[in-house]
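The structure appears right after this line, and notes come after that.
Read-outs: derived from the displayed coordinates by stated rules, not from any lab. For clarity, every value in this text was computed on a predicted model and none was experimentally measured. With ideal geometry, Cβ positions are generated from the backbone for all residues, glycine too; neighbour counts draw on all protein chains shown.
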Amino acid sequence: MTTCDVVVIGLGPGGEALAARLAGEGLEVVAVESGLVGGECPYWGCIPSKMFIRAAGAIAETRRAVELAGAATVEPDFSVVAKRIREQATDDWDDTVAAERLEKSGARLVRGHGRLAGPGVVEVDVAGGGTQRIEARRGVVLNPGTRAAVPPIDGLAGTPFWTNHEALEATVLPSSLVVIGGGPIGLELAQAFARFGSEVTVVEVGPRILGPEEPEASDVLRGAFERDGIDVREGDSITSVSHDGTQFTLELASGTVHAEQVLVAAGRTPSIGDLGLETVGLDPDARSIEVDDAMLAADGVWVVGDVAGRGAFTHVSMYQADRAARAILGEDLPDYDTSFPRVTFTDPEVGGVGLTEKQARDRGLDVAVSTTDLAQSSRGFTHGPGAEGVVKIVVDTTRDVVVGATVVGPTGGETVSGLVVAVRAEVPVATLRNSVFAYPTFWRAVESVLQDVSE
């Protein structure tokens, strides 16, 4: 039995940061990881996908030049961005640098699958063979993350479909691609592949793409996708998927679709089934692990990241890791911030914060809303092609504060940042109206939307 102060199981961004911080504070930390140190974000999520999206965006911008600056042509070469992802973003999916960084912080890395074996005890199936038991004097932090969900469609499981992992590891562009799922991951990758030259179809079983966001955002994005030549099928069902060794065949309610490749982007499944949760009184069959505002799930067990059920974003995981570290170190905790931002990195980008109009009304708030066309703003006018978008705010009229906002546009994820602060700090709408907005910026559209709030 090895002993230490804290065991961290799962080294996604939150787990890695937390382990390094606790070790830096002088605690004995054992960090357990069965995959790559850093997790989904640096190897398949945040970094390589945005590198792909940036490359696709450059193609789109070059094509827009004809309307702004004269003739321009571009010949997409998928191998260029595939090489950048492999060599610059992921070191060919090698985590040596991350592992060395973690160990330099003072934490001890154990590679293998870790699970709880009772209060304060972790059992690790060590990579290469053998089992190691570790006793944590202060407790255990769980950061197991999620994996791509595979819907139970007839025939799908037996085909060589892609998840986001295979899509971002690809070295050859598929001539045609069907994306199952109209959420952020599926939409980002669908548009990027289409701009490189793939014939892309997006199939969303729900009534609209980007369903959790405002319907105005879905409308703008659908139009942009159609102009990119993407076939968007909403409210469609898939009855079967097959592969004949060369191509996929999908039977949909709307008809039969053939494609060289299928990308499954239908949500994420929490990796909590084999964590030994039952040994500390937690439900191993739950969709997420319930925590308090200190990220504590049970005596001596903290949980951070996607499986905490409070937002599946790297920035949320990092925020939660900071709170768990403070709790373990006995530091005071500020109130928990629930107004975290979210961004879908399509073109146009979709930035959001807080509640949608529907969520606010469902909570029984007295709601007023306002929207404005981003393309009609001064910056939208000068920006030209690609400036389509919308700004929408949701106001709680009882308190006269913004409780939610959405910005769709070329810099939607950046422009929404000011509204993130407004929601977090509960800045009165009257104060926001009496603010100076730089001219001409996309932020200026927020001034317009604040002037026309109606129930």
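In order along segment 232-238, the Karplus-derived 3J(HN,Hα) couplings, from 6.51 cos²θ - 1.76 cosθ + 1.60 at θ = phi - 60°, round to 9, 10, 9, x, 10, 10, 10 Hz, and Gly and Pro are given as x. Close amide-amide hydrogen proximity is noted between Arg208 and Gly235, each under 5 Å apart and 5 or more residues distant or on a separate chain (H modeled in the peptide plane; Pro and chain starts excluded).
By the gyration tensor of its Cα atoms, with a ≥ b ≥ c the square roots of the eigenvalues, what is the shape of segment 82-126: rounded for a/c under 1.5, prolate for a/b over b/c, or oblate? Because a/c hits 1.5 or more and a/b exceeds b/c, segment 82-126 counts as prolate. Dividing the C-alpha radius of gyration of segment 110-213 by 2.2 N^0.38 Å, with N its residue count, gives 1.55.
Distant-in-sequence amide contacts of Gly404, defined by a placed amide H-H separation under 5 Å and a gap of 5 or more residues or a different chain, comprise Leu355, Val394. In the distance distribution for segment 389-455, Cα-Cα pairs more than 17 Å apart total 34 percent. What net charge do the residues around Ile230 carry, taking every other residue with its C-beta under 13 Å from that of Ile230, with Lys and Arg at +1 and Asp and Glu at -1? After counting each charged neighbour, the total is -4.
Expressed in units of 2.2 N^0.38 Å, where N is the residue count, the Cα radius of gyration of segment 341-450 is 1.00. Karplus-based coupling profile of segment 37-48, in residue order and whole Hz: 5, x, x, 5, 4, x, 10, 9, x, 3, 7, x, with θ = phi - 60° in 6.51 cos²θ - 1.76 cosθ + 1.60 and x standing for Gly or Pro.
Here the peptides 97-108, 63-74 are ranked by packing, the mean other Cβ count within 10 Å, and the order with the highest first is 97-108, 63-74. Semi-axis lengths, largest first, of the ellipsoid equivalent to the chain are 38, 30, 21 Å, with √(5λ) applied to each eigenvalue of the Cα gyration tensor.
About the centre of its Cα atoms, the chain shows a dipole size close to 660 debye [charges on the beta carbon of Lys, Arg (+1) and Asp, Glu (-1) only; nearest 20 debye].
Using the Kirkwood formula on the Cα atoms of segment 156-266, what hydrodynamic radius do you get, in angstrom to one decimal?
Roughly 13.9 Å, rounded to one decimal.
Here's how it looks for Leu109: its modeled amide H is under 5 Å from those of Ala31, which are all 5 or more places away or on a different chain. Of the residues Ser79, Gly118, Gly309, the one whose Cα sits farthest toward the positive end of the charge dipole of the chain, with +1 on the Cβ of Lys and Arg and -1 on the Cβ of Asp and Glu, is Ser79. When cysteine pairs in the chain are screened for C-beta atoms closer than 4.7 angstrom, the residues that find no partner are Cys4.
About its Cα centre, how strong a charge dipole does segment 156-266 have in debye, to the nearest 20, once Lys and Arg get +1 and Asp and Glu get -1 at the Cβ?
100 debye
A cut-off under 13 angstrom between Cβ atoms defines the neighbours of Gly10, and their net charge, with Lys, Arg +1 and Asp, Glu -1, is -2. Across segment 283-299, computed HN-Hα scalar couplings (Karplus, 6.51 cos²θ - 1.76 cosθ + 1.60, θ = phi - 60°) run 7, x, 9, 6, 6, 8, 9, 6, 10, 8, 6, 9, 6, 8, 9, 7, 4 Hz from first to last residue, x flagging Gly and Pro. With the cut-off at 14 Å, report for segment 100-155 the share of all Cα pairs above it, as a whole percent. Counting every Cα pair in segment 100-155, those more than 14 Å apart make up 68 percent. Can you give the local net charge around Gly255? Use residues other than it whose beta-carbon is closer than 14 angstrom to its beta-carbon, Lys and Arg +1, Asp and Glu -1. It works out to a net charge of -2.
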